[in-house]
Amino acid sequence: MDASKPKITIVGAGSPLTLGLLGDFYRVGDLWGSELVLYDIDKKRLKAMYAAVRRYIERTKADLKVSMATSKVEALENSDFVVVAIRAGGLRATRAYIEIPFRYGAIPIVGDTTGPSGMLKALVEIPAILDIAHTLEDVSPKALILNHTNPVTAVCTAVRMASKIPIVGLCHGYPLTKFASALLDLEYEGLRSVVAGINHLTWVVEMTYRGEDVLEELKRAVAEGRKWDVIALHPYLAGRQLLKTYGMLVSSPDRHSAEFFHYLYDWLRDPEIGRVLRSVSHVVDYDRGTLSEEFISRRRAAWERVLRVAKGEEGVSASGLFYLDIISSIANDVRRELRVANVPNRSCIEGVEEGAIVEVPCVVDRGGVRGKRVGRLTRSVTALLNLHLEKFELLAKGVAEREKSLVLEAMGLDPTTPSPEKAEAMLNEFVREMCDVLGPWS
C-alpha cells in the first residue's frame, strides 16, 4: 500500500452508502490520490453509480482515481480496504425475511439484526461476505474489511470464525446525547457519552456535561417520566422500561433495542408503545403483514438521487460514518478516537467472552482498530449480551456450515422466537423461497 494512496474497493457499490463515502473524501481531506473501485453484481446500478461518482469528481476536480470492476477478483485484487455494503438476494430476500416470520407470529420492527427476521437475513448475507473474505485471502491477504451489512454482529462473527481477513463492523452508533440534551435542558455540544454492548443493543456507561457526571440525573429524568413529550418523541418508551428492569440506559433507539427482548410482543400490543414502535419501523406494513410501501419508496428515492447526481443536478454529503476516518488513520498513521466500532472483545467489556464481537469505543492508527476498555456493565446486562453473542456464534457457525440444526439452536436462544415448531417452519420456508441464492442446505 502506498501509505497515503490506498486502493479502496466498495462491494455493493450500488448502495446509497457510496455517495456518502464520496462525501467523506472531502471531509477527511487526506486521501486524495487514492484508487476507488466500485463493484456490484447489479450492472445497471453499478453503471449509474459510477457515472454519478465520475461526474461529481470531474465537477469538483478532485484527485481520485475511480473505476468500476465487472468481476469480483478484478475488484478485490490488491485492495487495501474493502467496504462491504451488499444486500444479498435483493428486495426478494428482504420480503422473505420480513414476511415469512410475520406469518408465524414473529413480528419484526426493523428485522435486520436479531429475532427470526434478522437471523434469516444472515442466511443470505453471511455466505456472500465469506466468499468476499476467502477471495481476499487469495488476492489481497493484507486487506481490511469494513462491514456495513446487517446483521453486523453475525456477519463479523462469521468472518472472524472462518477467515484470516480482519473485519471491523460499523454503524452510526447512538450516543443518546441529543436525547439527554432535550431531557435535561443542556447544550448538546457540552455532552459526552461512552456506550458499549453489541450492535443495535448498546448501553450508556458514562454521560458527562462539560466534564461533570450527569448519568444519574438522566436516569432519574427518564424513570420519573419528566418531559414526557421528549421521551415519546425520541422515542424512548421501551428504553424507559428497560431502565427500570436492568438499571442501565440503553442507548440504541427503541426500533432496534426492543427487538432483542421477550417483551417485544407485549410492547407491540400496548396502545401507546405499540403505536410508536409501528410508526418508527419504516419497514413493516403491520396491517398487511408485508414489507411496507414506505421501505420500497425510500429505496426508489435513493436510486433517483443517484441518477440526479449522475446528471449533475445534485451534490453529495458526508455519510456520518467512520469508514474513511479509519482508512485515513491506518494509511497515514493518524490517531483517531471512534465513538464506536464492532471489534473482537479484548478485555473491553468485563464478563463478555474474549474475541466475541462487541460494539465499543475504539482507537485507530497505523496499528489498526482497537477497542477501548469500558469495564463492567451490570450483571443482568452482561448476561443479556452473552445470550445474544452465543446466539450469533451458533448462527454464524450454522450458516457457514449450512447446518440447519445449529441455526435452529440459535433461533431457540432468541427470546422472540415463538416456538421450536414455528422456528423450523420459518427456516424451511425461507430456505425453499431463496434456494437459488442459498444453494443446498442439510
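The values are calculated or read from the model by the stated rules, or taken from the named source; none is laboratory data. Fair warning: this is a prediction, and the values are worked out from it, not measured in the lab. We place every Cβ from the backbone using ideal geometry, glycine too, and count neighbours over all the protein chains shown.
Scanning for something outside the structural domain of SER163 (by TED's automatic domain parsing), over 18 Å from VAL168 (Cα atoms), touching a residue at least 40 places away in the same chain (Cβ under 8 Å) and assigned to a helix (DSSP H, G or I), does segment 354-374 turn up at least one residue? So far as segment 354-374 goes, no, none of its residues is outside the structural domain of SER163 (by TED's automatic domain parsing), over 18 Å from VAL168 (Cα atoms), touching a residue at least 40 places away in the same chain (Cβ under 8 Å) and assigned to a helix (DSSP H, G or I).
Within segment 65-114, the set of residues being farther than 25 Å from THR135 by Cα and aliphatic (A, V, I, L, M) comprises LEU91, ALA96, ILE98, ILE100, ALA106, ILE107, ILE109, VAL110. Scanning segment 271-280 for residues that are of a type outside the set (Val, Ile, Thr) and farther than 17 Å from PRO415 by Cβ yields PRO271, GLU272, GLY274, ARG275, ARG278, SER279.
Report the residue count in segment 387-417 for those that are within 30 Å of ARG336 (Cβ to Cβ) and either surrounded by fewer than 17 Cβ atoms within 10 Å (Cβ to Cβ) or touching a Lys or Arg at 6+ places or on another chain (Cβ under 6 Å) (or both). Looking only at that region, the number is 0. Figure legend. Inter-residue proximity from segment 181-204: first residues without any contact (Cβ under 8 Å) to a residue 40 or more places away in the chain and closer than 29 Å to VAL168 by Cβ, second residues among the polar types (S, T, N, Q) and surrounded by fewer than 24 Cβ atoms within 10 Å (Cβ to Cβ), beta-carbon distance below 8 Å, spacing 6+ or different chains. Indicated pairs: TYR188/THR177; TYR188/SER181; LEU191/THR177; LEU191/SER181; LEU191/THR208; ARG192/THR177; ARG192/THR208.
Filtering PRO116, PRO108, PRO101 for residues that are closer than 17 Å to LEU268 by Cβ, in contact with a strand residue (DSSP E or B) (Cβ under 9 Å, 6 or more places away or on another chain) and buried (at least 22 other Cβ atoms within 10 Å of the Cβ) leaves a single hit, PRO108.
Restricted to helices (runs of 4 or more DSSP H) entirely inside segment 387-442, those with at least 1 residues that are at pLDDT 95 or above, among the small types (Gly, Ala, Ser) and within 14 Å of ALA106 (Cα to Cα) are 404-413, 420-433. Scanning segment 398-416 for residues being among the hydrophobic types (A, V, I, L, M, F, W, C) and without any contact (Cβ under 8 Å) to a residue 40 or more places away in the chain gives a total of 3.
Condition check ((1) assigned by TED's automatic domain parsing to the domain that holds LEU191; (2) at pLDDT 95 or above; (3) under 30 Å from GLU187 (Cβ atoms)) across all residues:
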{"position": "TRP203", "(1), (2), (3)": "yes, yes, yes"}
{"position": "LEU218", "(1), (2), (3)": "yes, yes, yes"}
{"position": "HIS234", "(1), (2), (3)": "yes, no, yes"}
{"position": "SER251", "(1), (2), (3)": "yes, yes, yes"}
{"position": "PHE260", "(1), (2), (3)": "yes, yes, no"}
{"position": "ARG275", "(1), (2), (3)": "yes, yes, no"}
{"position": "LYS311", "(1), (2), (3)": "no, no, no"}
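In segment 1-43, which residues are surrounded by fewer than 21 Cβ atoms within 10 Å (Cβ to Cβ) and among the aromatic types (Phe, Trp, Tyr)? Of everything in segment 1-43, those that are surrounded by fewer than 21 Cβ atoms within 10 Å (Cβ to Cβ) and among the aromatic types (Phe, Trp, Tyr) turn out to be TYR26, TRP32. Restricting segment 125-135 to residues that are in contact with a Lys or Arg (Cβ under 9 Å, 6 or more places away or on another chain) and in contact (Cβ under 8 Å) with a residue 60 or more places away in the chain, the residue that is farthest from LEU413 (Cα to Cα) is THR135.
Within this structure, THR135 fails the test of being assigned to a loop (DSSP other than H, G, I, E, B) and among the polar types (S, T, N, Q).
Can you give me the number of residues within segment 155-167 that are surrounded by 21 or more Cβ atoms within 10 Å (Cβ to Cβ) and more than 10 Å from ALA356 (Cα to Cα)? Total meeting the criteria: 5.
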